Amino acid sequence: MNFLQPSTWAEALAMKAAHPEALPIAGGTDVLVEINLDHNRPDTVMDLTRVADLAEWATEDGLVRVGAGVTYTRIIDELGDRMPGLAMASRTVGSPQIRNRGTVGGNLGTASPAGDAHPPLLASDALVELASASGTRRVPVRDFFTGPKRNAARKDELIAAFLIEPATGPQTFSKVGTRNAMVIAVCSFALALDAGRRRVRTGIGSAGPTPLPAPEAEQFIEGELDWDGRQPPSDAAVARFGELAAAAAKPIDDVRGTAAYRRHALSVMARRSLGWAWQDYRVGWA
Amino acid sequence: MRVGESVRRPDGAAKVRGRFEYSSDLHAPDMLWGATVRSPHPYARIKAIDISAARAMPGVHVVLTHKDVTGRNLYGLEIKDQPVLAHDFVRYWGEAVALVAADHPEQARRAAQALKVDYEVLKPITDAEAALAPDAAKLHPNGNITRQVKIRHGDQSARADIVVTGEYEIGMQDQAPLGPESGLAVPEQDGSVELHIATQWLHVDQEQLAAVLGLPPEKVRLTMAGIGGAFGAREDLSMQAHACLLALEAGRPVKMSYSRTESFVGHVHRHPGRLWYEHGADRDGRLVYVKARILLDGGAYASSSTAVIANASCFSCGPYRVPSATIDGIVAYTNNPPCGAMRGFGSVQNCYAHEAQMDKLAAELKMDPVELRMRNALQTGDKLITGQTIDGPVPVAELLKSIAAMPLPASGEGKGGDVDLTKLPGGVSNTTHGEGVKRGVGYAIGFKNIGYSEGFKDYSTAKVRLFTKDGKARVEVHTAAAEVGQGLVTVQAQIAGTELGVNDVVVLDADTNVGSAGSSSASRQTYITGGAVKTASEAVRDRVIAMARAELRAPSGLHIENDNVVTGTGKLVVPLATLLGDEVIEETREFHPRQTFPLDAETGQADAHMQYAFAAHRAVVDVDAELGLLKVVELATAQDVGKAINPQAVEGQIEGGSAQGLGLAVMEEIQLKDGVIRNASFTDYLLPTILDMPPVRMDVLELGDPNSPYGLKGVGEPPTISSGPAIAAAVRAATGRPITRVPIRPHDLTL
C-alpha cells in the first residue's frame, strides 16, 4: 500500500492529480473499518490530517464554509448555533471517540445512505466544494449523491469543504435506531424551516439508495403553513406531510429494519419534527 | 480479605488503564500467525481441497487440512460429532476446513483466501421443525434429534376450568465476549505443546486436545491467559486445536486471534427456540397442569445441547407448584450455527414463555400478576415436575414480595422545561419529546440449577500452601479454575484468608499442573472451587493447630487470627511465622457436592439437580408506541445468594446478568438468512449501552443453604433469566400487544 501524506492543500491536490486512485483518509472512522474488515484494499491512501486548512471554518459571503476536516465534536461545540440541525445529527454519530475523529467531509466522501450528516445538509441546501489541481467547483448537496456510496466528485478531486447558510429558522434532526446511543440509522429525518423565504426543506437518511429530499412534502407544507399568524397547521396537513415524506423514501428490507417500518417511522418523525420546528418558530423565531 | 467483605478485583485498575494482558496480546519472539479457512456454505459436500496456491503464498509455513489432524478428527463436550477440520461435509456457514500459518497475520489471511475448496453445495436445513420432518436429510448418522426430553408428572389427563395457551419465539443471542477467541501454542522439544488460552475449563480442553492431537494428556499443558468475557462462549474448543496442530507442525509458536466477524462463527450461541404452552388453573388461580412443547435449534453440532434441553425442560414451568406436567423438549440439528452454553443455559428461553403464560392467566382471572405468582409459589419441601423434593430455602414468595414492595421510579411526564433526551425512548437520537410514550410495569421470576446435573461428575481440586515469606506467613492457593471475569480470584483469596487467618494470600495462575476444577459455568465455581479451597485450607489449618499444640503444649481451642495462633479467647500463643519457621504446609483436596441422577427417559423423573437458585425482576419500561422504540427506565430485582462472599462482586454479577437479559429482550439477535449470519459485527449485532441499561434497584437476600459452603448459592446466571421476561411483560402492559417474540423489534410494536 502506498501512503501519501501532503502537508498543504496545494500538495494534496497535486498528489491527487498524480494518483487519482488514492483514497483520502481523515478521521479514519470509515476507511480504517473498511480495511480492517477487508472490504476494501486500497492501493494508495492519502492522509489529509496534516493539511491544516482543512480543519478550519470561516464565514464567507453570508455562508459558513466548513473545511472537510472539521470533526463532529467541533461542529457541535463551535457551530451548533449556526447549524443546529447538523449539530443535532452530529450528536448521534457513534461514540465521543468517533465524534472526536470523524468528519463531515469523510461522511460526504463515503456517501453512505446512512451517513448521519447528510439529511441536515440536504435540509440546509448545503453546497459541497470539490477541488482539483485544475480548479474548484461547488455542487448543491442535492446533486452530490449519485448512488449507493457514490458521489459527484471526479477521480482527481478532493472534497474541500461544505457551505451552509446559517440557520434562517428552526431545524431538527431525528434518527431511529434500535438502541438509544451509538447506532447506525434505521432511518432518519431532517427538517429546516426558512422563515425569511418561507421555505421548508427536508432530508431523509437510510431509506433509499442515497440520502433523499422529500420535495413534494416540502411544497405541500410550505403552502399550508400560516407563516404570518403562526397558527399551528391542521392535524390533517401534518398527517399529509408525514405521508408525503414517507412516500419520498425508497427503502428496502435489510438487517437493520424493514422497508414498511422505515416508511412508517419516517411519517412519524416527519410529523413530530414539523410540530417541534413550528413550535420553535411560534415562540422563538423573529 | 475475608468472606463477606467487598474486595476489589486485582486486575481492575490494569483493565481500566489498558494495561491488562489479554489472550489476544500474547506474544512469542519467533511466532507465526494462524488463520482459518472457513466454509462459505451452510451445507455442502467437500469434493476436493487444493492447498497448492495457499502453500505458495509469501510467508506461508504450514497449510493443514483434515488429513493432517494427528489424532481423532472429532470432538465435542457431550457428543463427539464435530470435526476439528471438516473432511466430508461442512454443516454450517463458517465451519473450519483448513489452516494456514504464516509470518504475518495478513499473509496468513490472504493464503487462507487463496486455498481452493471444491464444494458440492447442498440445500441447508435452517429450521428446527423442518429438521424433524421424516423426509429431511440426516445431518448426522443418528438423525436430526440431538436429544428429546420427556417429563410426565402427575395426572396426565388433568383438566382445568381456566385454560390459556400461547406460542413463543426466542431469537439467537450471542455471548458477545469483548475478547475474541485467541491464544498462543508453543511446541516443545519433546513433542509436547504448551497452550496459553482464555477458556472456561482448562482440563476439558486438555482432554479434548490430547485426543485430537494424538498425545497423552501430560504432553498437552494449558495455562489460563487473560480473558475478555466468556458467558458460555468458551466452553467448546475454538482455535485451541488449530493453534496446537499448526505449532506442532511448524515447530514454532503459533498465535491465533479471531477478528470480530470470525468470532461470531468461532463460538456457539444461545439456542433460539419455539415454545408452545398450555396452562390450566382453577378459578382461584391455582395451577392444575402445564403442557409444553419446547423446540430448540441446536445448529450443526451438539456442543452442550443435550444439557441445555434438559434444563429447558426441567425448569419449563418456572418456580411454581405444578401438580401435573406434560413436557416435551426437543433439540434438533440444523445447518444453522451451532448453539450451546450461554448464561442461563436453557432456563432463559422457557422463562419468557412461562412468565407470559402466568400473565395471561392473571389477565384471564382478572387477578394481580404478582398475587397469582405468590399463590403458586414453590416452597421448601414441594415436589418439582421432575419429582425431586426441593430442599433449602425456596424464597419465591419472598422475592416477589420484595420487588413488588419497592418504590416505583418517578413518572417521566410533566418535568417541564427542556427535554432530557437521554431519559426517553430513542435517546439522543431525538425521536420523541414525550409523544407516543406509554409506561408499563412487568414482573417475572425464574430459577435454575447450580452446578452440573443428571449425574455428571462435579468436583474441584485445590492446593493450599502455607509458608513463611520475608518473616511473614503467606498462603498460596492453586486451582485450575478459570477466572472469566466473575471474580473467582478474590473469592479464592477470601476463603483461604478466612479459614487460615492469614493476611497475605496469593492466588496462583490457573493451569493444568493441578487437578481439574471443572468449568466456570453453571454458576458453580464459588460453590465447588470455593468448597475445594475451603476444604484444603481447613486441612492446612488442622495441621498448624496440631503443630502448635505439639510444639508449645498449648491448650485446645486454638485458632489462627491475623497471622497469629491465638487461644479461644484471642490471646496470642505464637506468631504464625515463628511457629512455621522453614516448614511448608501443603494440602490438596477435592470437593464433591451431593450426587445427582439422570432424568428417566420416559418420565423425566429424577433427583437431577444439586442446588436451585432464584431471582425475580420488576421492569419499568417507557415505550414510544408509535415508533416502537423502548427505554427501560428501571430494573428492580431480588435474589437469594445464600451468602454474599464478595458483596461488590455479587452486585456486579446481578447488574451484568440483568443487562445481558435486557439485551435479548430488546436488541441482541444473530440474524440468519438461509443459514448465513447477516450481522456478524458489533455495528449490527447491538449490545446495550449505558443509555439502554438502567440503574438496578436490588435486594440481595442471604438465606443460607444448609448444604453449601458458607450457605452460598451460585449467583451469575439467575439475573439473566428473569430480567428480559419482566421487560417483555412491561412492554405488553404499556402497549397491549401480545409480545410473543424476543428481541422485541420496532416493527413488531408498530405494524
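Readers should treat all values here as calculations from the given coordinates under stated rules, not as data from a laboratory. Here the structure is a predicted model, which is why all the values come from computation and not from measurement. Cβ placement follows ideal geometry from the backbone for every residue including glycine, while neighbour counts extend to all protein chains displayed.
So what is log10(I(q)/I(0)) for the stretch B:1-120 at q = 0.16, 0.18 1/Å, when the Debye sum runs over its Cα atoms only?
-0.83, -0.95
With a 10 Å cut-off between alpha carbons and a GNM built on chain A, which of A:A181, A:A192, A:A214 moves the most?
A:A181
Peptide A:264-274: average number of partner chain Cβ atoms within 10 Å per residue? Show your work: numbers first, answer last.
Working: counts 7, 8, 0, 1, 9, 7, 0, 2, 9, 2, 0.
Mean partner shielding for this stretch: 4.
For the protein assembly as shown, what does -39500 (n - 2.57) per DSSP helix run (n ≥ 4), summed and divided by total residues, give at 222 nm, in deg cm²/dmol to the nearest 500? Show your work: numbers first, answer last.
Values: 28 runs with 294 residues, N = 1037.
When only DSSP H runs of four or more count, the value is -8500 deg cm²/dmol.
Please order B:M610, B:M31 by the number of other Cβ within 10 Å, starting at the fewest.
B:M31, B:M610
Could you tell me what % of all Cα pairs in the stretch A:171-284 have separations over 25 Å? Intermediate results must be reported in sequence, preceding the final value.
Values: 1284 of 6441 pairs.
It works out to 20 percent of all Cα pairs.
Hey, in the GNM for chain A with a 10 angstrom Cα cutoff, which one of A:G203, A:G94, A:G223 fluctuates hardest?
Of A:G203, A:G94, A:G223, the Gaussian network model singles out A:G223 as fluctuating most.
Sequence gap at least 6, Cα distance under 8 Å: using those rules, report the relative contact order of chain B to the nearest whole percent.
Averaging sequence separation for qualifying contacts and normalising by length gives 16 percent for chain B.
By its C-alpha gyration tensor, with a ≥ b ≥ c as the square roots of the eigenvalues, how is the stretch B:379-492 shaped: rounded for a/c under 1.5, else prolate for a/b larger than b/c, else oblate?
oblate
Is the stretch B:594-751 best put as rounded, prolate or oblate by its Cα gyration tensor, with a ≥ b ≥ c the root eigenvalues, rounded for a/c under 1.5, and otherwise prolate when a/b is larger than b/c, oblate when not? List each step's numbers first, then the result.
Values: a/c = 2.05, a/b = 1.51, b/c = 1.36.
Prolate.
Within 10 Å of each residue's Cβ, count the other Cβ atoms and sort B:M667, B:M256, A:M1 from fewest upward. Display every interim value, and only then the final one.
Details: B:M667 25, B:M256 32, A:M1 9.
Least crowded to most crowded, the residues run A:M1, B:M667, B:M256.
Mind listing which trypsin sites (Lys or Arg not before Pro) in the stretch B:564-644 are in a DSSP loop and have 14 or fewer other Cβ atoms within 10 Å?
Numbers: sites: B:K571, B:R589, B:R594, B:R618, B:K631, B:K643; in loops: B:K571, B:R594, B:K643.
Here the sparse-neighbourhood loop sites are B:K571, B:R594.
Using Cβ counts within 10 Å as a stand-in for footprinting exposure, how do B:L662, A:L32, B:L712 rank, fewest first?
Details: B:L662 28, A:L32 14, B:L712 25.
Result, fewest neighbours first: A:L32, B:L712, B:L662.
Is the C-alpha gyration tensor of the stretch B:293-356 telling us rounded, prolate or oblate? Criteria: a/c under 1.5 is rounded; beyond that, a/b larger than b/c is prolate, otherwise oblate. Each step should come with its number before you reach the end.
Working: a/c = 2.43, a/b = 1.98, b/c = 1.23.
Because a/c hits 1.5 or more and a/b exceeds b/c, the stretch B:293-356 counts as prolate.
Taking amide H positions as placed 1.01 Å from N in the peptide plane, with prolines and chain starts having none, which residues 5 or more places from B:L222, or on another chain, fall under 5 Å of its amide H?
Those qualifying (amide H under 5 Å, at least 5 residues apart or on another chain) are B:L195, B:T512.
Within 10 Å of each Cβ of B:677-686, how many other protein chain Cβ atoms are there on average?
Numbers: counts 1, 3, 3, 1, 3, 1, 7, 6, 1, 7.
Counting other chains' Cβ atoms within 10 Å and averaging over B:677-686 gives 3.
Averaged across A:168-180, how many Cβ atoms of other chains sit within 10 Å of each residue's Cβ atom?
Values: counts 0, 0, 0, 0, 1, 2, 6, 6, 8, 9, 13, 15, 22.
Going residue by residue through A:168-180 and averaging, the value is 6.
Given the stretch A:1-64 reduced to its alpha-carbon atoms as identical point scatterers, what log10 I(q)/I(0) does the Debye formula return at q = 0.13, 0.20, 0.23 Å⁻¹?
After summing over all Cα pairs, the log10 values are -0.42, -0.81, -0.95.
What share of all Cα pairs of chain A, in percent, falls into each consecutive 5 Å distance bin?
Taking every Cα pair in chain A, the percentages come to 1, 6, 13, 17, 18, 16, 12, 8, 5, 3, 1, 0, 0.
Taking just the C-alpha trace of the stretch B:515-624, give me its Rg and Dmax in Å.
My reading of the Cα-based Rg and Dmax gives 22.6, 76 Å.
Percent of Cα-Cα pairs more than 48 Å apart in chain B, please. Each step should come with its number before you reach the end.
Details: 56505 of 281625 pairs.
Of all Cα-Cα distances in chain B, 20 percent exceed 48 Å.
Which whole-number percent of Cα pairs in the stretch B:460-591 have a distance greater than 16 Å? Please list the in-between numbers first.
Working: 5093 of 8646 pairs.
Percent of Cα pairs beyond 16 Å in the stretch B:460-591: 59.
Which of the residue pairs A:K175/B:K438; B:K67/B:K138; A:K250/B:K438; B:K383/B:K534; B:K472/B:K571 have a Cα-Cα distance greater than 22 Å in the structure shown? Kindly include the intermediate steps, with their values, before the conclusion.
Details: A:K175/B:K438 20 Å; B:K67/B:K138 24 Å; A:K250/B:K438 30 Å; B:K383/B:K534 32 Å; B:K472/B:K571 19 Å.
Too far apart for the 22 Å limit: B:K67/B:K138; A:K250/B:K438; B:K383/B:K534.
The stretch A:87-182: which trypsin sites (Lys or Arg not before Pro) are DSSP loop and have at most 14 other beta-carbon atoms within 10 angstrom?
Values: sites: A:R91, A:R99, A:R101, A:R137, A:R138, A:R142, A:K149, A:R150, A:R154, A:K155, A:K175, A:R179; in loops: A:K149, A:R154, A:K155, A:R179.
Taking the stretch A:87-182 and a limit of 14 other Cβ atoms within 10 Å, the loop trypsin sites (Lys or Arg not before Pro) found are A:R154, A:K155.
Compute the Rg/Rh shape ratio of the protein assembly as shown: radius of gyration over Kirkwood radius, all on alpha-carbon atoms. Before the final figure, lay out each step's value.
On the way: Rg = 31.3 Å, Rh = 31.3 Å.
Here Rg/Rh amounts to 1.00.
I want to check the label-to-label distance for A:A260 and B:T422. Put each point 7 Å from Cα in the C-beta direction and report it in nm to one decimal.
Distance between the two pseudo-spin positions: 3.7 nm.
Principal axis lengths of the stretch B:258-389 from Cα atoms, whole Å, largest first?
55, 29, 23 Å, listed from the longest principal axis down.
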